[in-house]
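Inspection log for the structure reproduced underneath, given as structure tokens.
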Amino acid sequence: MLEIKEKSITIGIDTNKCDTCETKACAAACKKYARGLLQIVDGKPSVEHLSAEEVLRLGTECLACEIACKFEGNKALTINIPIAGLDVYLTKRGLQ
Amino acid sequence: MAKFLEYQGKEWLAKAGIPVPKGRSASSPEEAQQAAEWIGKSVAVKGQVQAGGRGKAGIVKLVETPSEASAAAAEILVKTVKGLPVRQVLIEEKLAIKKEYYCSFVINNARDARCPMLMFSSEGGMDIESVPEELIFKMNIDPIFGLQIYDAIDFCVRAGIPNKELSKFASFLTKLSQVYKKYDCQTLEINPFVMTEDGSLICADCKMEIDNSSVGRHPEFGIKIARDLPGEVTELDMIGWSIEETDARGTGFLMNMGYDEVSPGYIGYHPIGGGSAMMGLDALNQVGLKPANYADTSGNPVGSKIYRVAKSVLSQPNIDGYLLGGFMMANQEQWHHANAIVKVLWEELPKKPGLPCVLLLCGNREDESMEILRKGLAELMTSDGIGKRIEIYGKEHVTDTKFIGQRLLALAKEYRAEKDAQGK
Ligand code: SF4
């Protein structure tokens, strides 16, 4: 599992699913909609060519990689976007 | 603007050395009684809400004894004024009033001014709108040097203050102007300030509003949200504020609109930009739908910020629809909205199957954005899918508020009927 931390989100990629992915759509989306942080190394997405600080500085939290992977890739990538207070709001109303 | 209730404003005035009546706030009749005992004389019991016309609304009462103060507080604390519940009363000493005056410090936005302005009238205690124009005296104040005592004396002469009182009034107004600056006020209105029988000048009321942008410089105020809110801070307001507070990457604004979370006909409202927001409200108004909230994702925010706003809007309980209203040709890249909305709808529609979602996007990168929406939502949008009431529109309907409103209304009616049939 690859975990990439941007300023306010965490990208999780189950890279085991990537070997059989033909499109590598995440990397293409990253290039088209953002700054091309994600690169494909040995058939899997990677940000190893960047330091953690560079990922923080360059990451635009565009969400494009998740949408691309979901509809064109192998559904390996999910992004967690915390929202302060929302869980409490929903729990109080029995909506969790 | 961050607004203070009267008792809060008076506390800050007192801390700055400005005379105010002896008093304190109370949240219950018992506290009111104790406060009146502490004051030890006749008191005024004044309901605390952010609304004018409190006297006319019956939430200001003059009483003689602590038990009468308790009774008056009990009466006032169950009232609602202009939709705002009265949660506190201010108990303060009754003043022996000789004369009432008006003064306020506001920002004069006129092109040739752009500075604080003092307004003064010897007709205090009533709405300033009802005071004849010739009895209201105005003076611009140098934003750097502030109100100087010699200017204040000139001003008071012009306003008809008798010679023997000039230095007292000039000094009072000068001190207030210093408070106005010290607290970074946008408005400081004292109506009335009174001259008592013994000749003292005292602030009998106080309306203090602080410049939102300065709140960071004043941790002592303890202001949670530096924003103009119609009422008390709600949980949704707090969520909205947390989205903006630490993230300056474009706008991600969200606030409550007096939404009661129960009544039908409310729509989760997500416009993109101020002009678009007005057109979206027009769309809702034309067909009798109401916004459950006000949101704004403009200024090219990052996708995660748009996601947070849209997710919060869609999380509101018991809404009859969601409107993404991009009624203007936006310069920002719309594909960030498209990606965020696809993610949110996949997460939220399983909890609200069949919720009407009218999505209008228009402007820069529109074609790509439409493709993301259509492709991303296709599986949900089948005739029996959880997204069967999603409709996507682009530039062909960019100013078509009537059409968008009517589509949303038709879908909301269908949705409501379906829910009613299911007994929900
Ligand atoms: S699109 Fe998804 S499955 Fe394909 S390489 Fe990227 S993360 Fe892996």
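Things worth noting here:
- Pairs with C-alpha atoms separated by more than 31 Å, drawn from the list B:41/B:181; B:343/B:413; A:44/B:343; A:70/B:224; A:24/B:402; A:32/B:419, are B:41/B:181; A:70/B:224; A:24/B:402; A:32/B:419.
- Nearest 10 degrees, 0 to 90: helix B:149-158 Cα axis against chain B principal axis: 80 degrees
- Sparse packing (at most 16 other Cβ atoms within 10 Å of the Cβ) combined with a DSSP loop state is found for the following trypsin sites (Lys or Arg not before Pro) in the range A:1-78: A:7, A:35, A:75.
- Heavy atoms of the protein chains alone define the surface here; on that basis chain B has 43 Å² accessible area per residue at 1.4 Å probe size.
- Relative contact order %, the range B:22-94, counting alpha carbon pairs below 8 Å whose residues are six or more apart: 47 percent
- For the options B:133, B:123, B:93, a Gaussian network treatment of chain B with springs between C-alpha atoms closer than 10 Å singles out B:133 as fluctuating the most.
- Chain B: angle of helix B:366-377 to the longest principal axis, Cα-based, in degrees nearest 10: 70 degrees
- Listed residues B:197, B:232, B:68, most fluctuating in chain B (Gaussian network, C-alpha, under 10 Å): B:197
- Over all projection directions, the Cα-based convex hull of chain B averages an area of 24.1 nm².
- The length gained on full extension between residue B:164 and residue B:424, counted as 0.36 nm times the residue separation minus their Cα-Cα distance, comes to 86.2 nm.
- If the convex hull is drawn through the Cα atoms of the range B:165-270, its volume per residue in Å³: 151 Å³
- The protein assembly as shown - convex hull of the alpha-carbon atoms, volume per residue in Å³: 189 Å³
- Across the protein chains, with a 1.4 Å probe defining accessible surface, the residues B:336, A:49 rank A:49, B:336 from largest area downward.
- Using a probe of 1.4 Å, the accessible surface attributed to residue B:279 totals some 40 Å² when neighbouring protein chains are kept in position.
- Computed on the range B:344-424, the Cα convex hull volume stands at 89 Å³ per residue.
- A Cα-only calculation for the range B:22-94 places Rg and Dmax at 10.8, 34 Å.
- Rh (Kirkwood; distinct C-alpha pairs) - chain A, Å: 14.1 Å
- Largest accessible area first, the residues B:352, B:343 order themselves as B:352, B:343 under a 1.4 Å probe with ligands, DNA and RNA left out.
- Note on the protein assembly as shown: with neighbouring protein chains present and a 1.4 Å probe, carbon and sulfur make up 51 percent of its accessible heavy-atom surface.
- 0 to 90° range, to nearest 10: angle between helix B:303-315 axis and chain B longest Cα axis: 80 degrees
- Couplings for the range B:166-178, taken from phi via the Karplus curve 6.51 cos²θ - 1.76 cosθ + 1.60 with θ = phi - 60°, read 4, 5, 5, 5, 4, 5, 4, 5, 5, 5, 4, 5, 5 Hz in order; Gly and Pro are left as x.
- Accessible area per residue was computed with a 1.4 Å probe on protein heavy atoms; residue B:117 scores about 30 Å².
- For the range B:235-421, the square roots of the Cα gyration tensor eigenvalues, ordered a ≥ b ≥ c, give a/c below 1.5, which places it in the rounded category.
- Sequence of B:38, B:346, B:12, B:335 from largest to smallest accessible area, 1.4 Å probe: B:38, B:346, B:12, B:335
- Summing Cβ point charges (Lys, Arg +1; Asp, Glu -1) relative to the Cα centre of the range B:186-235 gives a dipole of roughly 260 debye.
- Most mobile of B:305, B:56, B:290 in a GNM of chain B (Cα contacts under 10 Å): B:56
- Neighbour cut-off at most 15 other Cβ (10 Å), DSSP loop, chymotrypsin sites (Phe, Trp or Tyr not before Pro), the range B:140-242: B:145
The values are calculated or read from the model by the stated rules, or taken from the named source; none is laboratory data. The structure displayed is predicted, hence computed values, not measured ones. Counting neighbours? That spans all protein chains shown, and the Cβs are built from the backbone with ideal geometry, glycine included. Heads up: the accessible areas ignore ligands, DNA and RNA and are worked out on the full protein's heavy atoms, side chains in. Shrake-Rupley method; radii C 1.70, N 1.55, O 1.52, S 1.80 Å.
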